[in-house]
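Presented below is the structure to which this report refers.
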Amino acid sequence: MTKLGMFGMLVLPLYGQLFDSSSVQGKYHFVQITVSEERPAEVSNLGGTIIFDGRGGYQFAGQMGVGGEAAQGVGGEGSYSVSSAGRMSMRSPSPPAGRLEIQFGAAGAVLTGASVSSAHGIFAAVRAPEGPASAGVVRGNYAGGYLSFRGGEVGGLTSAFVELTADGRGEIPSAAFLGHAAWIDDVNRAETASRLAYAVRADGTGTIRFASRSDFVTGEREILTSANGDFLLGFGTGAGQRDILLAVRKPPDAGDISLDGLYWMSDLCAANSFTFEPQAARFNSGWGSARMNGSGTALLAQEVRMNGHRVNLTTTNVYRVLPDGSGMFGGQLVPGLKNFALGGSPQVFAGALVGLEGKLTLEHGIFFGVKTPAVSGSGVFLSPFGVVNATSLAPPTASVAPGGIMSLFGSGLAPRTASFQGTPLPDELDGVQVVTNGTAAPILVISDQQINVQMPFDLEAGTASIQVNNNGRTSNTVAVAVAATSPAVFSASQKGFGGALASHADSSLVTRENPARPGETIVLFMSGLGRVEPAVTAGQAGGATPLSRVTGSAPKVLFDGRPGEVLFAGLAPGLVGVYQVNVIVPQETVASDSVTVAVATPDAFTDLVDLPVGR
């Protein structure tokens, strides 16, 4: 489709259906591991069965272990809700975790989520078998992530990528582990085991007995399988066995599987610098989404709990899928590394933060993802996953900011393609309105499948409801998260990542042929920096006299991790919803064609773009 101006048209696939509490109902097996924020941190794990009633209530029964103690039987009930955008929120069955933010795929058969309210944790659930199960359900090649706190202490932190082959008769002829342990030296090592025994009870629960000697896992662990055997969850119940296993059954041939489209994803991670000191580890847990482009790049948007508060993160990862269904997923491509696996039907992935054998890895963690539901709508339809930042095109879990420019995707949204030239922007164009919390938002571009609008500046942090009115025909309402800021740097390609749109002081563009220089003041163009002073009404262009500066502290701009001095951050004169940030490139910046540019605010962090810097 033809692009129209700075905020052009982009065709995305339609997703979604209208979601509510009835979208998740029935009996599930689940596992959860939680790390408290106090020092010393307390670690707990929980696994069992949970039944959602489809009306916002649940009951659970399972075994929960805390610290070095053996697990005890627990049970209870709680509440949950599902927003129109498919975001599920529930009171955690594990008390330290507060509330869990959860998403689901495969017609509600797989749940993935994390604790981001009062502790760090990850949660996974799969639909339980309805009829009697047996060892034959668990058959084939499984792989995924394993995270352990040996002895129930943070100092026992261990991460591993696990591969298991089950024969369907109660034996695992071969098992392989690649991982690292903070209680040893955090150097990645490989282990193999053979002839492990497993058993599956009629309800889909069971056990695996691991080897008696291992740097990763020893002794018996509880396992929980899905109805079709495609997913295997595990956890320890013995004294000090605070761990979790998330594994998928790999397809016989992954050559025909393309990891593309939108996935929900959650993770629990710990990081440190130089020598790993587990007791001082910085934990973070996150939930959100990853848009895979089918050729090795994933655009991530997550809400992450770190340092005691929530941060909205947008970043890119890379991935590779091998013919056997395993592969590599992470911040940078590591040839030869296998740290995650992809299940075939439905598409689910699981993995761990590990490195090549013999290499030191200071990051620990486990992650789990499931492909979003793919459906369509009729009439005037606003996709539940279709409200995204028009600048970064970050996946739908990225927050909306006051004054931000958003792209809305769906079908039947407008009678024709049109854009408005000039200011102020109208709150109605060709009979089309976008209503945000009851207020019509200024419109830049309309078409049948996409509308670009500016969010009102008076949006408060929390949740906003968005609805399209196409000449009297209204769409469904979609709820989106609102934060004070949701920064995004314009990219030269308009894809949301890659080379940043930046200029020199003489207004010429920063390019590889005309790179930025250390010590030079450049201008970065952004959106989503929130309210300004003097205030500007949504739809109005930024003024020149006086300039409208962002309220509160200016955003931090980092060049390959080195902070630049920000001289000005505010609305760009003459443009609607576009901010300019004048920043000095640090003198110590190393020359490169792709210096990563990151922007940090008190509630957000993004590093989707890069910049050529010369000498």
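The values are calculated or read from the model by the stated rules, or taken from the named source; none is laboratory data. The structure presented is a predicted model; accordingly, all values stated were derived computationally and were not measured. Glycine gets a Cβ as well: all are built from the backbone with ideal geometry, and neighbour counts include every protein chain shown. Quick note on the areas: whole protein, heavy atoms, side chains included, nothing else; ligands and nucleic acids left out. Shrake-Rupley method; radii C 1.70, N 1.55, O 1.52, S 1.80 Å.
Name the residue that is farthest from residue 354 (Cα to Cα), counting only residues in the range 204-223 that are part of a strand (DSSP E or B) and β-branched (Val, Ile, Thr). Steps first, please.
Restricting attention to the range 204-223, the residues satisfying the condition of being part of a strand (DSSP E or B) are 205-210, 219-223.
Checking the rest, the ones that are also β-branched (Val, Ile, Thr) come to 205, 207-208, 223.
On the way: 205: 28, 207: 25, 208: 23, 223: 23 Å.
Within the range 204-223, the match that is farthest from residue 354 (Cα to Cα) is 205.
Condition first: modelled with pLDDT of 95 or more and among the basic types (Lys, Arg). Now tell me which residues in the range 559-615 satisfy that.
Listed by number, the list holds a single entry, 562.
Strands (runs of 3 or more DSSP E) wholly in the range 15-76 with at least 3 residues that are among the β-branched types (Val, Ile, Thr) and closer than 23 Å to residue 130 by Cβ - which ones?
Details: elements: 25-35, 43-53, 57-66.
Because the criterion is at least 3 residues that are among the β-branched types (Val, Ile, Thr) and closer than 23 Å to residue 130 by Cβ, the strands (runs of 3 or more DSSP E) in the range 15-76 that meet it are 43-53.
Got a number for residues in the range 542-555 being at pLDDT 95 or above and either among the hydroxyl-bearing types (Ser, Thr, Tyr) or surrounded by 18 or more Cβ atoms within 10 Å (Cβ to Cβ) (or both)?
Of the residues in the range 542-555, 5 are at pLDDT 95 or above and either among the hydroxyl-bearing types (Ser, Thr, Tyr) or surrounded by 18 or more Cβ atoms within 10 Å (Cβ to Cβ) (or both).
Restricting attention to the range 590-601, which residues are buried (at least 21 other Cβ atoms within 10 Å of the Cβ) and in a loop (DSSP other than H, G, I, E, B)?
Answer for the range 590-601, where residues must be buried (at least 21 other Cβ atoms within 10 Å of the Cβ) and in a loop (DSSP other than H, G, I, E, B): there is none.
Does residue 429 satisfy the condition of being aliphatic (A, V, I, L, M), farther than 27 Å from residue 87 by Cβ and buried (at least 19 other Cβ atoms within 10 Å of the Cβ)? Let's see the steps before the verdict.
Numbers: aliphatic (A, V, I, L, M): yes; farther than 27 Å from residue 87 by Cβ: yes; buried (at least 19 other Cβ atoms within 10 Å of the Cβ): yes.
For residue 429, the condition - aliphatic (A, V, I, L, M), farther than 27 Å from residue 87 by Cβ and buried (at least 19 other Cβ atoms within 10 Å of the Cβ) - is met.
Kindly provide the set of residues from the range 204-242 that are among the acidic types (Asp, Glu) and within 26 Å of residue 69 (Cα to Cα), ordered by number. Before you say what the answer is, go through the steps one by one.
If we filter the range 204-242 for residues that are among the acidic types (Asp, Glu), which is where we start, we get 215, 220, 222, 230.
Result: 215, 220, 222.
Which residues, counting only those in the range 185-203, are assigned to a loop (DSSP other than H, G, I, E, B) and surrounded by fewer than 23 Cβ atoms within 10 Å (Cβ to Cβ)? Walk me through how you get there before you give the answer.
Filtering the range 185-203 down to residues assigned to a loop (DSSP other than H, G, I, E, B) leaves 185-186, 188, 201-203.
Within the range 185-203, 185, 188, 201, 202, 203 qualify.
What strands (runs of 3 or more DSSP E) completely inside the range 279-360 contain at least 3 residues that are closer than 20 Å to residue 603 by Cβ? Talk me through it step by step, then tell me what you get.
Working: elements: 282-293, 297-306, 309-321, 326-330, 340-343, 348-352.
Those strands (runs of 3 or more DSSP E) span 282-293, 297-306, 309-321.
For (1) within 28 Å of the chain's Cα centre (by Cα); (2) in contact (Cβ under 8 Å) with a residue 12 or more places away in the chain; (3) surrounded by fewer than 22 Cβ atoms within 10 Å (Cβ to Cβ), each residue gets a yes or a no:
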| position | (1), (2), (3) |
| --- | --- |
| 508 | no, no, yes |
| 529 | yes, yes, no |
| 535 | no, yes, yes |
| 573 | no, yes, yes |
| 603 | yes, yes, yes |
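Might you let me know whether the range 224-235 holds any residue that is closer than 30 Å to residue 398 by Cα, modelled with pLDDT under 90 and open to solvent by less than 30 Å² (accessible area, probe 1.4 Å)?
no
Can you name every one of the strands (runs of 3 or more DSSP E) wholly within the range 439-531 that holds 2 or more residues which are within 23 Å of residue 602 (Cα to Cα)?
Answer list for the range 439-531: 462-470, 478-482, 521-527.
Among the listed residues 377, 422, identify the single one that is in a loop (DSSP other than H, G, I, E, B), at positive phi and over 24 Å from the mean Cα position of the chain (by Cα).
Working: 377 fails: at positive phi.
Among 377, 422, only 422 is in a loop (DSSP other than H, G, I, E, B), at positive phi and over 24 Å from the mean Cα position of the chain (by Cα).
For the range 81-99, enumerate the residues that are out of contact with any helix residue (DSSP H, G or I) (no Cβ under 7 Å at 6 or more places or on another chain), assigned to a strand (DSSP E or B) and surrounded by 19 or more Cβ atoms within 10 Å (Cβ to Cβ).
Matches in the range 81-99: 88, 90.
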